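Bear in mind these aren't lab numbers, they're just calculated from the coordinates by the rules spelled out. The structure presented is a predicted model; accordingly, all values stated were derived computationally and were not measured. With ideal geometry, Cβ positions are generated from the backbone for all residues, glycine too; neighbour counts draw on all protein chains shown.
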Amino acid sequence: MSEDEETRVARPRRDRRGRGMRGPAVLPLTWPDTSHRPPRPLRRRELFDRIMLDVVTEIDARWSQHLGLLEYAVEDTPQLPDDWDSGHVPLSSLVRGSGTKPTRLVVFRRPLEHRAGDRADLEAIILTVVVEQVAELLGIEPAEVDPRYPGDDD
C-alpha cells in the first residue's frame, strides 16, 4: 500500500440537495414484492370502524343477553329533513325493533369526527355515545353499562 492510500479517509457520498439516498440501494414503494412495503396508515373511516368495533364488542360481551337482537351500524352523516330547525346535529340514532326486526343503533361518523380533536377524543366520544344509547335501550344508568363512561363529575 502506498502512503496516500493509508492516509485517505473514506468520505460518505455527498448529498448536496438533502434528498436522501438514491439509486439501486433504495427500493421504491411500488416494488413488486409487497411484503416489504411499510403499512399504509389507516384512513379515517377505517380508524373509526376499528374503534367502533372495539367499543361495541366489549359492550355486547357484557350485555348481549339483556340486549336481545341488536344491530350496530355506522353511517357517514344523518339524513336530516329540509325543514330541520334544531341547533344541533344528531350523533346517533336508536331505532327500536319489533318482532323479528332487530333494534338498530346507528352512529354517525362525520359529526363525531368533527367534535374530536385527536384519536383519544374520538375513542371517548364513540364510547360515550354508544354507552348512552345502550343505557337508554336497557333503561339503566350509563355508568352501569360501562365503567369507563365519564360521569357528571368528569
For residue 90, work out the one condition from (1) under 21 Å from the mean Cα position of the chain (by Cα); (2) farther than 21 Å from residue 56 by Cα it doesn't fulfil.
(2)
If a residue counts only when it is in contact with a helix residue (DSSP H, G or I) (Cβ under 7 Å, 6 or more places away or on another chain) and small (Gly, Ala, Ser), which strands (runs of 3 or more DSSP E) contained entirely in segment 56-119 have at least 1 such residues?
92-95
Residues of segment 53-110 being at negative phi, surrounded by 10 or more Cβ atoms within 10 Å (Cβ to Cβ) and small (Gly, Ala, Ser), which ones?
64, 73, 92, 93, 97
Determine, yes or no, whether residue 130 is in a strand (DSSP E or B), within 15 Å of residue 48 (Cβ to Cβ) and touching a residue at least 40 places away in the same chain (Cβ under 8 Å).
no
Pairs with Cβ under 9 Å, 6+ apart, first in segment 90-101 and under 15 Å from residue 67 (Cβ atoms), second surrounded by 11 or more Cβ atoms within 10 Å (Cβ to Cβ) and among the polar types (S, T, N, Q)
94/103; 94/133; 95/103; 96/103; 97/103
In segment 55-83, which residues are under 20 Å from residue 111 (Cβ atoms), among the charged types (D, E, K, R) and free of Cβ contacts under 8 Å to residues at least 24 places away in the same chain?
82, 83
